[in-house]
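> Next up is a structure, given as structure tokens.
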Amino acid sequence: MLVPCFCLFFVRFCSFFFLVFLVCFKGAKVPVLPQVFNDPIHGHMEFPPLLVKIIDTPQFQRLRNIKQLGGGYYVYPAASHNRFEHSLGVAHLAGEFVRSLKKNQPGLLITDRDILCVEIAGLCHDVGHGPFSHMFDRMFIPEARPDLKHETASIQIFEHIVETLDEDKEDEMLSRLKNLLNGGEEDAEGHDLHFIKEMIIEPTEPGKYKGRKENKHFLYEIVANKQNGIDVDKFDYFARDCHHLGMKNSFDHLRYIKFARVCDVKEKGLQICARDKELSNIYDMFHTRSRLHQKAYQHKPSLSSRRCMITEAFLKANPILKISDALDGNGDVVIDKYTKLTDDIFGEILNSPDSGLDDAKQILNKIISRKIYKHLGMTKRGTEEQVLKSTAKYHVFLDVLLSGFKTLTVFRFKQSCVHQVSDFLLPKNFSEEWIHVYCKDPKNVAVAKKSFRKWCGKNNFLLPPVNNMT
């Protein structure tokens, strides 16, 4: 037993000194190996050197300080996970998915360049998120700067990362991306930079892709699926959010990846499809999504109220802290300022001695002490003006919540099996919008709720509970 161990030690010892000799006396470079990240959700994730270069940039590292669920941490104590680990997870699953397709369907002619581009898109798809994630993107920006989407910010930051990475002649992909960024020409395989950017955000003309030819358009469905919304981005946050929220995740994304195939769908071209035997797993996906929206993302009394309060505090602090200055006059990202824009701004407001921030500080202190705005009830989209008119004098405000997928089509390998889908389990509507009504002034909660109940009864809406004042 000692002899094999000694031999192994001797071989490694000799290999080490051989590398030292090459570097010191021959000027050779030690080959850069993939790096392994240990993740509580996906286990050991291996990334190629180029992805590690991107991960090590300040623009990507800032995601460590942006929580995945935004204000959800103030409702769920364990929801402390961040956009950094989510982005790593999406990149890992994107690589696993496209490699699975390559292995099972060699005729698709998926190349190593395709795989690397898909992994980069998965890694950088959320790099443009602002403080508290979607609160900043969907609530603060529309008020402060309505001309920017976080996906656009992701592309601008990705371009900056490609521009500023150190020159590395050994890294062919990095050199190629820099060349394309500076106006280089595409080759027979396509235009990699366009391909990555189109996977992060869809082109102005849907389906008009420049990065890859039509026979590889199915690759656009892996990171952000514009066909039906089923993609590795959701696979990761379903699993990760459930883990940190203490909820069961009944959807098996590894099984979905294992059995997914690319099929030639009539009049739609090549698409990623699921087999008929995967229907129950897809049902579980819808069930998991529904539970996450009900219990976490759209937690009516607590999370939505805190999200609105943080937005209000940021808007009040904006004239002093110049938060919106991270976006220039054209709505583009100012890289140096945006890189510093994280959840830490909450503490900056809370601990600032500036008297100009007192109003914002008062709102944030209410969140800390759990004195949140009271939830009166909810109604369907399209009734906002009527609700505000009936409750105008009670300091009422509204929060719009949207959730859902695009229409889902399930296929076998050769023929459609839509007729086998259960009408009972598969929803007829794949997205919905609700208006949640809150009251800021605790003195007016009872009378405001009475007024809102009266409006609901008059308009045949479900009445909120009488004694539910939370």
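The values are calculated or read from the model by the stated rules, or taken from the named source; none is laboratory data. Values in this document were obtained by computation on a predicted structure and should not be read as measured data. Backbone-built Cβ (ideal geometry, glycine too); neighbour counts: all protein chains shown. Quick note on the areas: whole protein, heavy atoms, side chains included, nothing else; ligands and nucleic acids left out. Shrake-Rupley method; radii C 1.70, N 1.55, O 1.52, S 1.80 Å.
> What pairs come out if I take residues in the stretch 302-331 that are on the phi > 0 side of the Ramachandran plot and pair them with residues that are surrounded by fewer than 18 Cβ atoms within 10 Å (Cβ to Cβ) whose C-beta lies under 7 Å away, six or more apart or interchain?
Between residues of the stretch 302-331 that are on the phi > 0 side of the Ramachandran plot and residues that are surrounded by fewer than 18 Cβ atoms within 10 Å (Cβ to Cβ), the close pairs are G331/R145; G331/D147.
> Here's a follow-up. Any residue in the stretch 59-80 that is on the phi > 0 side of the Ramachandran plot sitting within a Cβ distance under 7 Å of a residue that is surrounded by fewer than 21 Cβ atoms within 10 Å (Cβ to Cβ)? List the pairs, counting only those 6 or more apart or interchain.
G70/H134
> Among the numbered criteria (1) in contact (Cβ under 8 Å) with a residue 24 or more places away in the chain; (2) more than 20 Å from E85 (Cα to Cα), which single criterion is violated by D241?
(2) is the only condition that D241 fails.
> Any idea how many residues of the stretch 41-52 are assigned to a helix (DSSP H, G or I) and surrounded by fewer than 18 Cβ atoms within 10 Å (Cβ to Cβ)? Steps first, answer last, please.
At the first step, the residues of the stretch 41-52 found to be assigned to a helix (DSSP H, G or I) are 49-52.
Of the ones still in play, those that are also surrounded by fewer than 18 Cβ atoms within 10 Å (Cβ to Cβ) are 49, 52.
Number of matching residues: 2.
> Give me the residue from the stretch 204-230 that is hydrophobic (A, V, I, L, M, F, W, C) and closer than 16 Å to L193 by Cα and, out of that set, nearest to the chain's Cα centre (by Cα). Working first, answer last.
Filtering the stretch 204-230 down to residues hydrophobic (A, V, I, L, M, F, W, C) leaves 218-219, 222-224, 230.
Okay, now just the ones that are also closer than 16 Å to L193 by Cα, so 219, 223.
On the way: L219: 18, V223: 10 Å.
Restricting to residues being hydrophobic (A, V, I, L, M, F, W, C) and closer than 16 Å to L193 by Cα, the top hit is V223.
> Name the pairs whose Cβ atoms lie under 7 Å apart, with the first residue in the stretch 266-294 and under 30 Å from N215 (Cα atoms) and aliphatic (A, V, I, L, M), the second outside any loop (DSSP other than H, G, I, E, B) and open to solvent by less than 20 Å² (accessible area, probe 1.4 Å), and 6 or more positions between them or separate chains?
From the stretch 266-294, the pairs are L270/F218; L270/V262; I272/F218; I272/E221; I272/V262; A274/Y256; A274/I282.
> Same structure, new question: Please go through the stretch 431-449 and pick out each residue that is open to solvent by less than 30 Å² (accessible area, probe 1.4 Å) and either hydrophobic (A, V, I, L, M, F, W, C) or modelled with pLDDT under 75 (or both). Quick ask: steps written out before the conclusion?
First, pick out the residues of the stretch 431-449 that are open to solvent by less than 30 Å² (accessible area, probe 1.4 Å): 435-439, 445, 448-449.
Of everything in the stretch 431-449, those that are open to solvent by less than 30 Å² (accessible area, probe 1.4 Å) and either hydrophobic (A, V, I, L, M, F, W, C) or modelled with pLDDT under 75 (or both) turn out to be I435, H436, V437, C439, V445, A448.
> I've got another one for you. Out of N281, N330, I need the residue that is surrounded by fewer than 20 Cβ atoms within 10 Å (Cβ to Cβ), under 26 Å from the mean Cα position of the chain (by Cα) and part of a loop (DSSP other than H, G, I, E, B). Which one? Talk me through it step by step, then tell me what you get.
On the way: N281 fails: part of a loop (DSSP other than H, G, I, E, B).
Exactly one of N281, N330 is surrounded by fewer than 20 Cβ atoms within 10 Å (Cβ to Cβ), under 26 Å from the mean Cα position of the chain (by Cα) and part of a loop (DSSP other than H, G, I, E, B), namely N330.
> Just to verify a result, which residue in the stretch 58-106, among those that are modelled with pLDDT of 95 or more and small (G, A, S), is most open to solvent (accessible area, probe 1.4 Å)?
Result: S100.
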